[in-house]
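Written out below as structure tokens is the structure these notes cover.
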Amino acid sequence: MNRRTALSALSALSALALAPALAHHGWSEYDSTKLLKLSGKVVTAGYEHPHGFIRLESPGKTWLCVLAPPSRMDARGLEKGALKPGVAVTVEGYANRSKPEEMRAERITVGGKTIELR
């Protein structure tokens, strides 16, 4: 294999390896200047990659709360079974700038236990 072919192959492999990192969204779409604290009941929950989520029914509005990746939630003590429909939770986080029904959760309190998500 000549040098040019080797460099091309290396470049292609590097691009493939970086693709998942580039595909991940940034957090700049959330307004971190205004912390929200919402309490309500879980309507639905997803414990999946890249981020878990809940739909939180709070007074006057149902929110999509973007949580942490499942591996982080597990490591910090938030088990999948804790986020069932009907469970009361409090979520603190930041609203999405362009999707008024979405927030990025920084922490969640469920069953009297607060879990830091970030």
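Determine if the range 26-33 includes at least one residue that is within 10 Å of the chain's Cα centre (by Cα) and more than 14 Å from E106 (Cβ to Cβ). Checked the range 26-33: no residue is within 10 Å of the chain's Cα centre (by Cα) and more than 14 Å from E106 (Cβ to Cβ).
Considering only residues in the range 87-108 that are assigned to a strand (DSSP E or B) and of a type in the set (V, I, T), the one that is nearest to T33 (Cα to Cα) turns out to be V91.
Bear in mind that the values in this text are calculations on the coordinates, not laboratory data. Please read all numbers here as calculations on a predicted model, not as lab measurements. All Cβ positions, even for glycine, are placed from backbone atoms using ideal geometry, and neighbour counts span all protein chains on display.
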